[in-house]
Amino acid sequence: MPARALICPDIANPNPDTRQILLDAGPNFISYNWLQGGVPIGNTTQTHLATEEGIFGVELVNTYGCASTDQTDVIEECSPRIVAPTAFRPGSTVSANSTFYVFTYFVANEDFQIFLYNRWGELVYQSNGLDDEGDQSKQWNGGYNNNASQLLPAGTYSYVVKYRSSYRPEDGIQEKRGGVVLLR
């Protein structure tokens with residue numbers, strides 16, 4: 001089992017894979033006793049579905065009668081996350097490497113924008129919005145304003161992502177800044 005796991009059990013979370021986590025103690029044990037905060041919870045199977053935060057432990061006995069324990073700290077984490085590549089190569093034969101795009105977690109579709117700047121601070125690309133699945137609707141192909149006939153030179157480009165938390169919209173618009181290397 002992992003030492004730590006993150007979940008976002010908020011009912012507004014559209015992704016069931018992140019609302020809960022299946023803890024698996026592994027096969028080949030003759031007994032399992034799951035605990036939450038050191039208190040038995042009545043589950044004696046190989047797996048336990050954690051739907052809330054806490055420290056989940058399991059007492060195990062193997063086929064030789066040896067006892068052991070394992071535990072996972074399940075943490076509630078619904079904070080927005082923006083993940084972006086550090087480099088890409090337009091024209092790459094690997095499609096995932098041929099455009100610049102960001103992965104978003106717990107980010108609202110509205111108020112989402114990406115701005116890319118060259119080394120002189122000139123805006124060379126802007127994208128607005130996420131699609132219905134929460135993915136960036138547009139990807140930067142390395143061209144000026146995404147125009148493939150106006151390819152930009154290799155180099156480092158700065159980006160600013162503006163977004164709003166899908167779980168705490170009252171926090172307002174936030175920013176993430178970074179850089180990406182355009183390879184030719």
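Readers should treat all values here as calculations from the given coordinates under stated rules, not as data from a laboratory. These figures come from a predicted structure and were not determined experimentally. Here the Cβ positions follow ideal geometry from the backbone for every residue, glycine too, while neighbour counts run over all protein chains shown.
So the values come out like this:
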{"read-out": "Relative contact order computed over the chain (Cα-Cα under 8 Å; 6+ residues apart), in percent", "value": "17 percent"}
{"read-out": "Local electrostatic count, PHE115, Cβ distance below 15 Å [Lys/Arg +1, Asp/Glu -1]", "value": "+2"}
{"read-out": "Relative pair counts by distance (%), Cα atoms of the range 4-76, 5 Å bins", "value": "4, 17, 26, 21, 15, 10, 4, 2, 1, 0"}
{"read-out": "Under 10 Å, Cβ to Cβ, from TYR105 - net charge with Lys/Arg +1 and Asp/Glu -1", "value": "0"}
{"read-out": "Residues TYR117, TYR64, TYR125 arranged by fewest to most Cβ contacts within 10 Å", "value": "TYR64, TYR117, TYR125"}
{"read-out": "Among LEU183, TRP34, ALA96 the positive-end extreme of the charge dipole of the chain (Cβ point charges)", "value": "LEU183"}
{"read-out": "Value of relative contact order over the range 1-106, rounded to a whole percent, pairs C-alpha under 8 Å and six or more apart", "value": "26 percent"}
{"read-out": "Per-selection Rg to Rh, the range 81-182 - Cα, Kirkwood hydrodynamic radius", "value": "0.97"}
{"read-out": "Residue among SER31, SER127, SER166 with the largest mean-square fluctuation in a Gaussian network model of the chain, springs linking Cα atoms under 10 Å", "value": "SER31"}
{"read-out": "Hull volume in cubic angstrom per residue (convex hull over the Cα atoms of the chain)", "value": "154 Å³"}
